[in-house]
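To start, the structure under review is shown below, and the notes come after it.
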Amino acid sequence: MIFKLSNLFIFQMRWFFSNKQRIILTLVFYFVVLLLISLRKESIYKYSSENYDLYNASSSFIISDPSGTSRSKLPVSHAFINSVYYYPTSKSLGDNAIAFTMAIDQHSHLMKGHTFKVLGYNSTDVVESVATSQTEGIGRCRYTTMMARTNTISHLERIEIESNGVSVAIPFKMARYTAPKPVIICISPQFAAEQWQMFVMHVHAANQFGGHLHIYLTSIIESYYELMKEYEKLGYITMDFWLRMKFMNTKTPYFEPNGNVEWRNQAGAQTDCLLQYKEAAEYIAFFDMDDILFPKYYPTYLEEFNAVLAANPGTNYLFYGRREHEFVKASTLSEFTFTELVQSLRSSQTVKRGKVVVRPDAYNSTWIHNSKHVSFKTGVKVKTPTLVHVQLPVDKSGKRNHSRDLWKIEFGPLNETIREDDVRAIEEEIYRLKNMTTIAELAPYLPSSDYYLPIVFKCYFDSFYKDTFVTKIGVPRCPNADVCDLPQRDDYKCIHSDAQYYSGPDMQPVTYHFTTDSFWSKDIGCYQ
């Protein structure tokens, strides 16, 4: 027995020494594999050279990325669904179409050409289809705007997104089939909004030329909100919620969405507006509140747009540059006159990157300035007029707005055509409204001086405009000012958009988050 064991031991030793090199290489191989797995896991949660950390907040794993430049891939791409619209019929999307708008993590999983399974239910049947998508945005931002579309069952009652046997029901709305006016002007999301003078200027100009403002609001001074509500009751505007993105319950890590999306997901709001009115409006414009268009050759927007496209066969959208202007603004509504405002307008030679007016049947999504999925060959670059861009008004009291010192622009005589007949008609309409009892009673509570405008402008300037347009060294991070510090005031409170937030079950490669029952809140404050 001892002899057999000693022989076995000698045999094993001989085998070990003869295979020593192979064994060492195998051990090294497995060690390297384990090391790489460990590093990969570590890179998901904490990687010091990228300067971000993982922490637990309300049962959600949020990755902090102060540099705003991380390209790390996480196990799951999280998506915040802004809206879903159902079209029983559509000229461009087909019958029983569904269109989704969402902000989605494009770095964790490649989102170019992304598809997902949709289940559409009515009272008797279910139809499975595949949604195709397109994104609008820039690669520097982790979250990009996505529009997805598919066609489903008639008389739709319920929508689910399904992946790997897991599904989530998503609320939807019926798309609009009528519009207040043939031209809808989608106003980008407003936050800490206080410049009611720009609003009065824009809403009356738009109304004069046959346009209707659809305004997205995140937060707004309460008295200004009440003024907008009166205009909404009179049919001049539509107010809409633009919600801060929240992931209420997640099982996988994610980057905070609001600080990692381009300019408050402005492209998402504009795409939402496009999809709302896609079957209802003849033209849809995507402007900021301080972008005002005065048609030059025809009395209405509709006639002017039709004429431009008719003169350029094969085109379906117009591109307007934005010329910088200054104007003297009134401190109170009682002293506001459109005539004096126009007389105070002064033009610069600076024409910024512009905005588009589109035929909605030719557009399915849009970026901030134009869609990246529509050929420039189908657009008309309008040389004149340009949008009157009134970003930094002059206070009538003579108080200097020091934001004007950050970005030096020279102004001279007005270089746009504003017809006297239109000025008189707008003046009469403003006079009629500001003397209505409801508006006259709230007018004394409107802000009489700037507070948030210089704070926000400086934050935007420091975070983006300075290095983009002044030093021209470029900005490596996602264009975003979510870190702006907005002090809260005792004298002026804000109304803020809010909703019921929901997170779907853990799904791969995408987990979905959404809202229902949006409402206006007095309890949040003047924040983005």
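The values are calculated or read from the model by the stated rules, or taken from the named source; none is laboratory data. The shown structure was predicted, so the numbers you read here are calculated from the model rather than taken from an experiment. Here the Cβ is made from the backbone with ideal geometry for all residues, glycine too, and neighbour counts use every protein chain on show. Ligands, DNA and RNA are stripped out before the accessible areas are found, and what is left, the full protein with its side chains, is counted by its heavy atoms. Shrake-Rupley method; radii C 1.70, N 1.55, O 1.52, S 1.80 Å.
Surface composition of the stretch 77-173: carbon and sulfur make up 48 percent of the accessible area, probe 1.4 Å. Here the extension length gained between Ser67 and Thr438 equals 128.7 nm, from 0.36 nm per residue of separation less the Cα-Cα distance. Rounded to the nearest 5, the antiparallel percentage of DSSP beta bridges internal to the stretch 77-173 is 95%.
3J(HN,Hα) couplings calculated from phi for the stretch 372-387 with the Karplus curve 6.51 cos²θ - 1.76 cosθ + 1.60 (θ = phi - 60°) are, in sequence order, 8, 10, 10, 5, 4, 5, 8, x, 10, 7, 7, 7, 8, x, 10, 5 Hz; Gly and Pro show x. Computed over every Cα-Cα pair of the stretch 402-528 and binned at 5 Å starting from 0, the pair-distance distribution P(r) comes out as 2, 7, 9, 10, 12, 14, 16, 14, 9, 4, 2, 1, 0 percent. Specify whether the C-alpha gyration tensor of the stretch 77-173 places it in the rounded, prolate or oblate class, a ≥ b ≥ c being the square roots of the eigenvalues: rounded for a/c under 1.5, otherwise prolate if a/b is larger than b/c and oblate if not. It comes out prolate by the Cα gyration axes. Summarising the label geometry, the points placed 7 Å from Cα in the beta-carbon direction at Ala280 and His109 lie 3.3 nm from one another. What the Cβ-Cβ distance of Glu230 and Thr417 gives, at R0 = 45 Å and to the nearest 0.05, is a FRET efficiency of 0.90.
Entry for the stretch 131-261 at q = 0.21 Å⁻¹: log10 I(q)/I(0) = -1.30, Debye formula applied to identical alpha-carbon scatterers, no solvent contribution.
Taking amide H as placed 1.01 Å from N in the peptide plane, the amide H of Ile524 sits under 5 Å from that of His496, each at least 5 places away or on another chain. Per-residue Karplus couplings for the stretch 239-250, computed as 6.51 cos²θ - 1.76 cosθ + 1.60 with θ equal to phi - 60°, are listed in order as 9, 9, 7, 10, 8, 5, 7, 9, 10, 6, 8, 10 Hz, Gly and Pro entered as x. Against the chain, whose longest principal axis comes from its Cα atoms, helix 196-208 is set at around 70 degrees. Under 13 Å from a point placed 7 Å out from the Cα of Thr132 along the Cα-to-Cβ direction: which residues of the stretch 80-94 have their backbone N that close? So the set is 93-94.
Using a 7 Å offset from Cα along Cα-Cβ at Ile524, what residues in the stretch 64-93 end up with backbone N under 20 Å from the label point? Of the residues in the stretch 64-93, 79-84 have backbone N under 20 Å from the label point off Ile524.
Rounded to the nearest 5, the antiparallel percentage of DSSP beta bridges internal to the chain is 65%.
Under a 5 Å amide H cut-off, with hydrogens placed 1.01 Å from N, Phe255 pairs with Ile63 among residues at least 5 apart or on other chains.
Under a cut-off of 17 Å between alpha-carbon atoms, report the lysines in cross-link reach of Lys73, not counting same-chain residues fewer than 8 places apart. Leaving aside lysines fewer than 8 places away in the same chain, those within reach of Lys73 are Lys41, Lys46, Lys112, Lys251.
Per atom type, the stretch 413-528 shows carbon and sulfur on 52% of its accessible surface, probed at 1.4 Å. Based on Cα contacts under 8 Å between residues 6+ apart, the chain shows a relative contact order of 18 percent. With an a/c value of 1.5 or above and a/b not larger than b/c for the gyration tensor axes a ≥ b ≥ c computed over the alpha-carbon atoms, the stretch 219-359 is described as oblate.
Could you please state, rounded to a whole Å, how far the C-alpha centre of the stretch 291-340 is from the C-alpha centre of the stretch 462-510? Here the two parts' Cα centres lie 29 Å apart. Backbone phi angles across the stretch 81-95, fed through the Karplus curve with coefficients 6.51, -1.76 and 1.60 (θ = phi - 60°), yield HN-Hα couplings of 7, 7, 6, 9, 10, 10, 10, x, 9, 8, 5, 10, 9, x, 6 Hz in residue order; Gly and Pro are listed as x. When shorter helices are ignored and each DSSP H run of at least 4 residues is given -39500 (n - 2.57), the per-residue value for the chain at 222 nm works out to -7500 deg cm²/dmol.
Restricting the calculation to Cα atoms, the stretch 183-497 shows an Rg/Rh of 0.94 when the hydrodynamic-style radius is the Kirkwood one.
Axis angle, to the nearest 10 degrees, between helix 2-18 and the longest C-alpha principal axis of the chain: 40 degrees. Values of log10 I(q)/I(0) for the chain across q = 0.10, 0.11, 0.13 Å⁻¹ run -0.85, -1.02, -1.38, by the Debye formula with one identical scatterer at each alpha carbon and no solvent. Solvent-accessible surface of the chain, averaged per residue with a 1.4 angstrom probe and all protein chains in place: 46 square angstrom. Straight-line cross-link reach from Lys522 at under 18 Å between alpha-carbon atoms covers these lysines, not counting any fewer than eight positions away in the same chain: Lys229, Lys493. Take the Cα of Ser348, step 7 Å along the line toward its Cβ, and report every residue of the stretch 294-327 whose backbone nitrogen sits under 20 Å from that point. Those under the cut-off are 294, 320-327. Excluding residues fewer than 8 places away in the same chain, name every one of the lysines whose C-alpha is closer than 19 Å to that of Lys472. Within the straight-line limit of under 19 Å, Lys472 reaches these lysines: Lys352, Lys408, Lys458. For Asn480, nonlocal amide neighbours, meaning residues 5 or more places apart or on other chains whose placed amide H falls under 5 Å from its own, are Trp263. Projecting the Cα atoms of Thr252, Ile495, Ala307 onto the dipole axis of the chain, where Lys and Arg carry +1 and Asp and Glu carry -1 at the beta carbon, places Thr252 farthest toward the positive end.
With one equal scatterer per alpha carbon and no solvent term, the Debye-computed log10 I(q)/I(0) for the stretch 347-464 at 0.10, 0.18, 0.19, 0.21 1/Å reads -0.55, -1.24, -1.24, -1.22. Legend: residues Val351, Val394, Val382, sorted from most to least accessible area (1.4 Å probe; ligands, DNA and RNA excluded), read Val351, Val394, Val382.
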